[in-house]
Amino acid sequence: MKKLISCWLITLAFTGIGKGADVSIVKYGATGDGNTLNTVAIQKAIDQCHQSGGGKVLFPAGRFLSGTIVLKDKVTLYLEKDAVLLGSTDLADYRNIDPFTEGLGIEVGWALLVAVDARNIGLEGAGTIDGQGSAIKAKHILTDTRPEGQRWGLRPFLIRMVRCKGLKVSGLTLKSAGAWTSHYFQCKEVQIEGIKIESIGVAHNDGIGIDGCQEVRIKDCDIISGDDALVFKTTSSKMACRNIVVSGLRLKSNQAGIKIGTESMAPFENIKISGCHIYDTKNGGIKLLSVDGARIRNVEISDISMENVRTPVLFRLGSRLSVFRKGEKKQQTGILDQVTIRNVKAIAADDAQLMPPTGILITGVPGHDITNLKLENIEMTLAGGGTAEDAKQVVPEAIDQYPEIKTFGPKIPAYGLWARHVKGLKVINLKFNLKSKDLRPAFVYEDVKGLLTP
């Protein structure tokens, strides 16, 4: 794995982002007053830069309102300090290129900034991309009276990168998306570094979404998101998430801090995540979920700190077996194999999804074990409070259900580690500290074969 990663990082370092003449969007008629719609002017600047051989499209200080704009080969959008690319609040100003269905069954894909099949592109600078998500929703619900679960998919992502190669995103602040903040689908040679995400206020505000991408490096980012902060998906069976290195992230979320799945058709392989801090997160610190046929293999997550996180760790191999893109077929149950979690210190929230709280939940389904899972050097502080009656709880299998922590409620029979349907589980130096007495056992193993606890 190390050899593969070093090779693609060298390749990425020498990838040629456009080196042609820089152009300013103001030259093409853009007005930074926050009210004038600049979609046409910005697109003209991008198109001209692309046709001239590439370079930077410059956003000076100002607030530049726009609908969907499309990035082209060898073009870098560069937002100077105090420059804001501002999303329109009118849904009619957005386009959906490459629509698909997300995990809850809603068609999505509209976006403010899009690139499709582009090569050697960038989003850089000290400026801001602001989707005005709350304002979009407020205007939308005045005319769309359907339940929120049916209408939210019309709201735009902030950034949508589709089948691109040679992509760098650095320095920017991304805020207030209408739906997902950034979605990278089947991209290769992706570098995301030093960005800040502040995307809360409406549902489904995921931070960074990596969907079937390869040769990806993410480092030194600060993410505050309404939904999953860092999430890996495979909404198509045709391209794996593979050869990915993540380091130095700070993550706060109303859902998960780090998640692999829920949409999980193609494999997730050779993924290394280290040196991250997860805090004030309401629905799982680390979650690995293969429920649509994906192979999760060779994943290492290490040197992680957590503070005020509801339910620190969840592993789930299930059989929901959903399909998200037209023309693709339902798959068989996948695998979750060769995963290591090590060097984790977590202070769990006292108020968890399932009460009394539990630190680590691990479960496959009958006939499909999680295999070769290693947990090493993990220390967690938990609220405690479990009773002897809680220790008798039978946890539902929920074989084909959406894989959330609450799916396995109402209670878990262990306060520390509960594991079921696992083969080859290594548990090395796990410590659970309790704030109050808990009459449940620290460890409960159900249908666990090949358990090693040195």
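Normalised by 2.2 N^0.38 Å, where N counts its residues, the alpha-carbon radius of gyration of region 86-232 equals 0.97. Projecting the Cα atoms of Leu288, Ile218, Leu336 onto the dipole axis of the chain, where Lys and Arg carry +1 and Asp and Glu carry -1 at the beta carbon, places Leu336 farthest toward the positive end. Dimensions of region 310-454 based on its C-alpha atoms, expressed as ranges along the principal axes with the largest first, amount to 53, 31, 25 Å. Taking each of Lys238/Lys406; Lys196/Lys219; Lys196/Lys259 in turn, the alpha-carbon distance tops 21 angstrom for Lys238/Lys406.
Using all pairs of distinct alpha-carbon atoms, the Kirkwood hydrodynamic radius of the chain works out to 22.5 angstrom. Secondary-structure-derived ellipticity at 222 nm for the chain, considering helices only, amounts to -2500 deg cm²/dmol, per-run term -39500 (n - 2.57) for DSSP H runs with n ≥ 4.
With the simple model of a label 7 Å out from the Cα in the direction of the Cβ, Ala138 to Met355 spans 3.4 nm. Taking a straight line from the alpha carbon of Lys431, these aspartates and glutamates sit under 12 Å away, with near neighbours fewer than eight places off in the same chain left out: Glu376, Glu379. Between Arg95 and Asp33, the simple spin-label model (points 7 angstrom out along Cα→Cβ) gives 2.7 nm. Each pair of Cα atoms in region 206-295 enters the Kirkwood radius, and Stokes-Einstein at 4 °C and 1.567 mPa s then converts it into a translational diffusion coefficient of 102 µm²/s.
At full extension, Leu104 and Asp280 could sit 60.9 nm farther apart than now, given 0.36 nm per residue minus the alpha carbon distance. For the cross-link pairs Lys139/Lys168; Lys81/Lys175; Lys282/Lys411; Lys345/Lys411; Lys44/Lys252, the ones whose C-alpha atoms lie over 27 Å apart are Lys139/Lys168; Lys44/Lys252. Rounded to the nearest 20 debye, the dipole size of region 152-245 about its Cα centre is 400 debye, using +1 on the Cβ of Lys and Arg and -1 on the Cβ of Asp and Glu.
When only the heavy atoms of the protein chains count and the probe is 1.4 Å, how do Tyr184, Tyr445 rank by accessible area, highest first?
Tyr445, Tyr184
Dividing the mean sequence gap of close Cα pairs (under 8 Å, 6+ apart) by how many residues the chain holds gives a relative contact order of 8 percent. For region 19-152, the alpha-carbon coordinates run over 48, 32, 23 Å along the three principal axes, in decreasing order.
The values are calculated or read from the model by the stated rules, or taken from the named source; none is laboratory data. What you see is a predicted model, and the numbers here were worked out from it, not measured in a lab. Neighbour counts are summed over all protein chains in view; Cβ atoms, including those assigned to glycine, are modelled from backbone coordinates with ideal geometry. To get the accessible areas, we keep the full protein, side chains included, count just its heavy atoms, and leave off ligands, DNA and RNA. Shrake-Rupley method; radii C 1.70, N 1.55, O 1.52, S 1.80 Å.
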